[in-house]
Amino acid sequence: MYQRPENALKRAEELIAVSQHESALDLLHEVIMSKRTRATSIAVLEPILLRFIELAVIMRKGKVAKEGLHQYKNISQNVTVTAIELVIKKFIDLSEAKVAEAQTKADKINLDNVDDLEATETPESIILSTVSGDVSKDRTDREVVTPWLKFLWEAYRTALDILRNNSRLEILYQTMASQAFKFCLKYTRKTEFRRLCEILRQHLTTSAKYAHQTHSINLSDPETLQRHLDTRFEQLNAAAELELWQEGFRSIEDIHTLFVVSKKPPKAYMQAQYYEKLARIFSVGENYLFHAAAVSKYFSIAKMNKNMPEEEQERWATLVMMSALSIPIIAASKTRTTTADTDDNKPRDQRLTNLLRVSKIPTRESLLKEALNKAVFARVRPEVRELYTILEVDFHPLSISKKIAPLIQKLSSHKEFSKYSRPLHQVILTRLLQQLSQVYQSITIESIVQLASFPSLSATNSVNFDEGTIEKFIMNGCRKGELNIRVNHMTRTITFETDVFAGSKATGSKGPRVQSTPAEQMRTHLTNLANRLNTAVTLISPHKLQEKREAQQEAFRAALEAMEEERRLASERVILIEKRREIKEYEAAKKIREDEIKRIEQARKEAEAEKVRMEEEVRRREMEKIAQIRAEREREEAMKLAERIAGDGKNKNIKDELMNLDTKTLMDKQLELLEQEKRDLANKMRQISKRLDHTERAMRRAESPKWEADHVEQKRIDKAYHNALAAAQQEATKTKHATDLKVKARVTRILPDFLAHKAKLDAVRQADYEAKVARAEALISEAKAQRIAEFRKKKAEEMARTRKEEEARRLRAEEERIRLEEGQRLSAEKAARDAARKAEEAERTKKLDETYQRQQERERAAEERVKQRERERLEERARQQQQQQEPASRGGDVWTRRPQPVSAAAATPADAGDTWRSKNVSATPSESSSTGPISSSGKYVPPSRRTAEAQRSAEGGKPAAFGAFGGSRNEERRGGDDRFGASRSSAFGARRDGDVNRGRDAPPPLQPPAGGGWRERAAAAERTGSGAGAAPASGGPAKYVPPNRRDN
């Protein structure tokens, strides 16, 4: 295996040079299929693939080429698709060239078989040519051309298989399919065309299965769908040219499937081509009903083309009318049923209706009604218009064949109208039997045969019915319900059924009629009786008719009145429906865009992930390749070292041993070998120098006697050579001098002429030079003047532009100055407004502060008055208690503990959040008198600290307990807002009291709340000697009692 693929290519070229194509192909195939090749760059691998393809085509190795191409696709599809396209195109081009070359070779072989072009045909040669002439050509084609045709077909299949279901190779895939269709058409390969259609159909089916792959085709993409439609239409055209109508019908189904998948309506020219081919397929299949429907659809699309000539419009309008008239009402036994009367035909007819892209199954009556509009019937030919009148309007059972015969004769002369001759005869026979049933009760079969014959037609266009055909035709008509006839074989007559109770299964294709049948009269008898009785009632009671008319007029009037409202509602409903449709379309388009964005984003992410993976894979392969190359190089170096050490294979055993050693050991051995060689060489050189010294000394001793004689001989030879050389130089100098004198004498004679000619030339050149100088000076002066003028003009323009720029700059500066001044003015005004607003706010704030200070002063005054009243009341109560206790103290020497003052710390936590009144109400008179709002130092003491100071003074200056002092401070922090609100409310209450009691000596005492407040709690504490939150009776410090333990 080669380390570099380029070496394999060089080796293959060498093998090709010696005509070993098989070995070269195997070598390249091995290189391409190797795992090492996956890490090779495309630039290196592409020439190998091209050469490999050339060899595979030359050797006709289709399977080998397919394996190589698949491997190359797997390697290069994630890098670039251009390389795949190049190789596939090269493969197909070489295959087609080989087929053309084989065709030329076969033609040449067939031409070489003709020995003499002027030889006359003999009876023997004619007989022999009938037996073996074409056989030899077929044999030549089979031996020379057919193998290459098979190889080209396999090449197309291989290319389509490689390129399928890949959006990046979609264009080349469609190109290969188109070339395959051309191949089938060129060589009339019907079997291969069927297989090709099946392959394309299978590829399209499997594309939906592998739609989740990265680069799979997406039929929702308009461009991809359009390319598939183009390919299917080309397939349809090829099927029509090869007359493979079954494949053509399948192609129509494929196209219809793509139309259904497409979210946009197909283009007009595609629809026209679709219906044209569909009509042709239905015509070949003798399905005249759907053929007429397809022709009608084609004309409805083709007439939209404004550039369509009038003759073409007339031709297609005539075809529409002829195809509608030629739809058999009763199908003959060898033609297919054309209506959906039987249950077996309904699925098939529905399938064909879907192919026509219509909602309802067409009928003969609907197609004729559609053909009678102005766009069709006005353009048909006169003979077709007359044919319609005879068949569908006039009633003439005995002369219908005679009237139609010349029209059919004229229409049959046209190739495209002659195909309707046979079904038209069936329609004529149907109309003949229907019209005869209205005027005859029975008639002989011979008479019907005579009436249905067309003797004026030629043998090729005439369709004469015999008795058996007419009898089968009548049976089919009776089965379908179009006829009601009995055949009497004994009398050879037919009887038209006149049973009044017979049912009707007719489809409505009765044609022109003279009268109703007895069965129809029986079915309409009650209806006729009702109409006549209604007429009699009207004659007897005319007022009922008048009432009916008035009711009808009233209904009309009410309808007219409600018409506008209904019209408005209908228009609103139409607008609403349109809006809903637009919303749905917008949502659908939005969803499509979102799906497309998601798909693109997903594809981008997958591409990025794939790119990262490929980069990592390439990096890994490069590292592996580098490691492998390094190992190979080390191994090669080791082998070379081993060979060098072994010494050209002199000792094979040593060489084999060295092959198994590593590089380091070999290097050490090589160093040892080099040292040994250096020592051996030094010894050898020493011995050689010693030998050379002795040899040189002996040679010099033998040469020394002969040196003097050799010197004398050399002097003699040098002198003779010098004398000969001097004589030769003297002779050559004399000869040259004589020759120069002769030349001088000859040249001296022409010297005057030369000087005169030279003077003339100098004068002419001097004049020419002076003229050129003058012209140059004139041009320079002119250019200088022009340059000066241009410079002055440019300078003036620059000055004008400078002035304009200065003026513009000045205007901009002025505008900027004005803008700045305006901005400064606005800023000053804004600052003035802000200063005024701030001054107003400061004044308003000052007024509010003054108001607040006055209010605070009033509240403090009210608070002082309330405190003063409370102190007076408490002092009075204390005096009363002291007076009650004095008699008891006088009665004995019983020591009693003075009651402990109730401090603020003894208040319950429930009262901690009360106002300042709840903190000072429990103070004793001594405490209240000793601890007032003004301390001994003259500073203001807040109420929350007065109790603590009083307790410290009572205990001899010792600090109060932690609960007393900390509780008051905590109460102050927790209840700040409540105290503020209570003080304000008390102040407001005091102010209100002061307003009410203005002019009196003292305000009335405040009343406690109904539910019990601080006064009731303080009185209870005095009566019991300890409150809920009071300190213990002992002389110890006051402690805080939590609320959950006070009851206990």
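The values are calculated or read from the model by the stated rules, or taken from the named source; none is laboratory data. From a predicted model like this one, the values you see are computed outputs, not experimental measurements. For neighbour counting, all protein chains shown are included, and Cβ atoms are generated from backbone atoms with ideal geometry for every residue, glycine included. In case anyone asks, the SASA skips ligands and DNA or RNA and just uses the protein heavy atoms, side chains included. Shrake-Rupley method; radii C 1.70, N 1.55, O 1.52, S 1.80 Å.
List of remarks:
- Packing-based order for 878-885, 216-223, using average beta carbon neighbours within 10 Å, highest first: 216-223, 878-885
- For Lys678, a cut-off of 29 angstrom between C-alpha atoms picks up these lysines, skipping any fewer than 8 places away in its own chain: Lys640, Lys650, Lys652, Lys655, Lys664, Lys669, Lys690.
- Here the peptides 826-832, 483-489, 279-285, 263-269 are ranked by packing, the mean other Cβ count within 10 Å, and the order with the highest first is 279-285, 483-489, 263-269, 826-832.
- When peptides 225-238, 468-481, 756-769 are sorted by average Cβ neighbour count within 10 Å, with the highest value leading, the order is 225-238, 468-481, 756-769.
- Close amide-amide hydrogen proximity is noted between Ser442 and Phe496, each under 5 Å apart and 5 or more residues distant or on a separate chain (H modeled in the peptide plane; Pro and chain starts excluded).
- Distance between region 214-275 and region 294-331 - C-alpha centres, whole angstrom: 23
- Remark: spin-label model distance Thr491-Glu876 equals 15.4 nm, labels positioned 7 Å along the Cα→Cβ axis.
- Pairs of Cα atoms farther than 15 Å apart, region 711-752, %: 62
- Region 820-890 versus region 373-406: alpha-carbon centroid distance in Å: 121
- Amide H within-cut-off set for Arg381, under 5 Å, with H built and near neighbours excluded: Thr318
- Eligible lysines near Lys303 by straight Cα distance, threshold 27 Å, same-chain separation 8 or greater: Lys263, Lys264, Lys267, Lys277, Lys360, Lys369, Lys374, Lys410, Lys415, Lys419
- Calculated P(r) tail over 12 Å for region 159-202, as whole % of Cα pairs: 59
- Summed residue charge, Cβ within 13 Å of Leu9's Cβ, Lys/Arg positive, Asp/Glu negative: -2
- Put Thr363, Thr40 in order of accessible area, highest first, and with a 1.4 Å probe you get Thr363, Thr40.
- Integer Hz, Karplus 6.51/-1.76/1.60 couplings in order for region 817-824, x for Gly and Pro: 5, 4, 5, 5, 4, 5, x, 5
- The alpha carbon centroids of region 676-702 and region 589-614 are separated by 87 Å.
- Pairs over the 18 Å Cα-Cα cut-off, from the set Lys98/Lys182; Lys98/Lys186; Lys66/Lys150; Lys10/Lys63; Lys209/Lys605: Lys10/Lys63; Lys209/Lys605.
- Label sites at Val612 and Glu798, each approximated as a point 7 angstrom past Cα along Cα to Cβ, lie 6.1 nm apart.
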